[in-house]
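**Student:** Got a structure for you, written out below as C-alpha cells; questions coming shortly.
All of the numbers you see were taken from the coordinates with simple rules; none came from a lab. Owing to the predicted nature of the structure, the values given are computational and were not obtained by experimental measurement. Note that each Cβ is placed from the backbone with ideal geometry, even for glycine, and that neighbours are counted across all protein chains shown.
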Amino acid sequence: MSRPILPGATVGVLGSGQLGRMFALAARRMGYRVHTFSPGDDTPMGQVADREAVGDYEDLDAVAEFASRVDVVTFEFENVPFDAARTASEHVPVRPRGEVLHTAQHRQREKDFLHGAGFPTAPFEHVPDRATLDAALERLGTPAVLKTAGFGYDGKGQAVIHAPEEAEAAWQSIGAGEAVLEGFVDFEREISVVAARGCDGDFAHYGVTENRHRDHILDVSIPDPDIDPKITANAIEIAHGVLEALDVVGVLCVEFFLKHDGELVVNELAPRPHNSGHFSFDACVTSQFEQQLRAVCALPLGDTRRLRPSAMVNLLGDLWDHGMPDWRAALADPALKLHLYGKSEARPGRKMGHMTAFGDDGEDAARRVIAARDALLASR
C-alpha cells in the first residue's frame, strides 16, 4: 500500500498548459501546493501555481532540482521525454510511471502494446522510412492514413492516402520522418472513455463521451450519448483493461472509433486528463482533475456521478480574429460555465478555452452550448 500524500504537500507537474491549470485549481482547492515545470513562463498553469519553474525537459539537472522540491510528480501532457520522468523518479514517486508515457507518446510503441495485449486496433504497419511506405501500402491497401510516429495532436502530422501515387506527397506532408500507416476505419462516430486507477488498483470511469470534430480538432463533447448499452459496457471494459495492462496510476483517456456494425477500434491513448473529460469540471461530483490528484496522491478515488446532463464546446483562437470576444453574449445563458486558459496569444486552431452548458439531456445541452458560441461569433 502506497503512503498517502496528504493536503499540505506539494505536487509537481511536468507541463504547464490548460490541463495543468485545471489540475492546479483542483489541487489548491484541496489544500495542496502545486509547482509546474516547462520551457515557458506566464503559462496557463504557471498563472495559478505556487511556483513556476522554467527549464528545458532535457536539462536533467533542472528536472532533478524541480523534483527535489515536491512530494510527487505527475504530467499534464504525454510528450515529456522519458529521461525527464526517469530523473524525477530518482527523487519522488512519478505517477503515472515514465514507462506509460514512453508507450503513449510514440504511435508505433502504442500500437504494438495495444495489439500485443489483445485490444482492438485498425490494421497498421511501421513505416520507419520512405522506402518501406510503398510495400506497407500494398499490404494494407487504400485508403490508409499515414501518421507521424511521435508528437502528433489535433490531427497534425496525418495524411490520408487514397491511392498509391499519393504516397510521396503524404510522406512529405507529415515531415518525411518515422511514421505509422493505418488502415482507414469507416466509423459511425468517435467516442472516448476517461478513467482513473488508484495506487491500490481501484478503478473509476466517466462513462462514454461522444466527440464531434471540426478540422480534426475536438469541437463538441457530449457525455452519455444514446448508444447501445452493450457498446458502452465494452468501451469501459477495454479502458479498464488498458489501465491495468499499463499499470497506470492516474487518469487515462482511451479514444475509440465506433464502427457502423457496433465494433470498437482503439484509436489513441492519452495518459492524462483529456479534452473530452472537461465537462466533469462542472458536471460531476469529482472532476477528472481532482481524480488525477486523488490517484497520484494515493487517496481514495472520488464519485464520478453526473450532477446534470451537460455538453462542452471548445473555444479556438479563431474567435479572437476581431479582438476579444464579447463574453456577455455567451453568458446570457445563466446555466453556462466559461473557462478561459490565460493564453496571451490567440491563433487559429489554438485551444483558448471551453464552455460547458447544462440541459434536459446531452443533446439539449449541446444545442445550448453551441448556441452560446454562435452568439459569440455573431457579436464580433
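**Student:** Picking from Asn234, Asn314, Asn79, which is most flexible by a Gaussian network model of the chain using Cα springs under 10 Å?
**Tutor:** Largest GNM mean-square fluctuation: Asn234.
**Student:** Lys337: which lysines have alpha carbons under 23 Å from its alpha carbon, excluding same-chain residues fewer than 8 sequence positions away?
**Tutor:** Result set, ordered by chain and number: Lys351.
**Student:** I've got another one for you. Go through 263-274, 331-342, 102-113 and give me the packing order, highest mean Cβ count within 10 Å leading.
**Tutor:** 263-274, 102-113, 331-342
**Student:** Kindly write out, for segment 126-136 in residue order, the coupling ³J(HN,Hα) from the Karplus curve 6.51 cos²θ - 1.76 cosθ + 1.60 (θ = phi - 60°), rounded to whole Hz, with x marking Gly and Pro.
**Tutor:** For segment 126-136, the Karplus curve yields 6, 10, x, 7, 4, 4, 8, 5, 5, 5, 5 Hz.
**Student:** Once the convex hull of the alpha carbons of segment 59-188 is built, what does its volume come to per residue, in cubic angstrom?
**Tutor:** Values: hull volume 17.0 nm³, N = 130.
In segment 59-188, the Cα hull volume divided by residue count equals 131 Å³.
**Student:** Still on this structure, I have one more. Once the other residues with Cβ under 14 Å from the Cβ of Ala122 are scored (Lys, Arg +1; Asp, Glu -1), what is the net sum?
**Tutor:** Its environment carries a net charge of -4.
**Student:** On to the next question. Looking at the chain as a GNM with Cα springs under 10 Å, which of Leu307, Leu181, Leu252 has the largest mean-square fluctuation?
**Tutor:** Looking only at Leu307, Leu181, Leu252, the biggest GNM fluctuation is shown by Leu307.
**Student:** If you don't mind, another one. Could you work out the relative contact order of the chain, using alpha carbon pairs under 8 angstrom and six or more residues apart, expressed as a whole percent?
**Tutor:** Numbers: 855 pairs, mean separation 52.6, N = 380.
Worked out over the chain, it gives 14 percent.
**Student:** Here's a follow-up. When the Debye formula is applied to the Cα atoms of segment 42-107, each taken as the same point scatterer, what base-10 log of I(q)/I(0) results at q = 0.25, 0.27 Å⁻¹?
**Tutor:** Summing over Cα pairs of segment 42-107 leads to -1.19, -1.30.
**Student:** Testing the spin-label approximation: label points 7 Å from Cα along Cα→Cβ at Arg3 and Ala378. State their distance in nm.
**Tutor:** 5.9
**Student:** Share of Cα-Cα pairs in segment 171-326 beyond 22 Å, in percent? Write out the running numbers ahead of the final one.
**Tutor:** Details: 5635 of 12090 pairs.
For segment 171-326, the fraction of Cα-Cα distances above 22 Å is 47 percent.
**Student:** Evaluate the relative contact order of segment 40-118 (contact order divided by residue number), counting alpha-carbon pairs under 8 angstrom at least 6 apart; express in whole percent. Display every interim value, and only then the final one.
**Tutor:** Working: 69 pairs, mean separation 18.4, N = 79.
Worked out over segment 40-118, it gives 23 percent.
**Student:** Could you list the square roots of 5 times each eigenvalue of the Cα gyration tensor of segment 310-380, that is, the equivalent ellipsoid semi-axes, sorted largest first and rounded to whole Å? The partial results should precede the final answer.
**Tutor:** On the way: eigenvalues 87, 30, 19 Å².
Rounded to whole Å, the semi-axes are 21, 12, 10.
**Student:** A follow-up question, please. When the helices in the chain are scored as -39500 (n - 2.57) per DSSP H run of 4 or longer and the sum is shared across all residues, what 222 nm value do you end up with, to the nearest 500 deg cm²/dmol? Intermediate results must be reported in sequence, preceding the final value.
**Tutor:** On the way: 12 runs with 116 residues, N = 380.
For the chain, the value works out to -9000 deg cm²/dmol.
**Student:** Can you figure out the FRET efficiency of Asp83 with Thr142, using R₀ = 51 Å and their beta-carbon distance, to the nearest 0.05?
**Tutor:** Working: r = 38 Å, r/R0 = 0.75.
So the FRET efficiency works out to roughly 0.85.
**Student:** Please report the spacing between the Cα centers of segment 5-37 and segment 107-177 in Å, no decimals.
**Tutor:** Going from one Cα centre to the other spans 36 Å.
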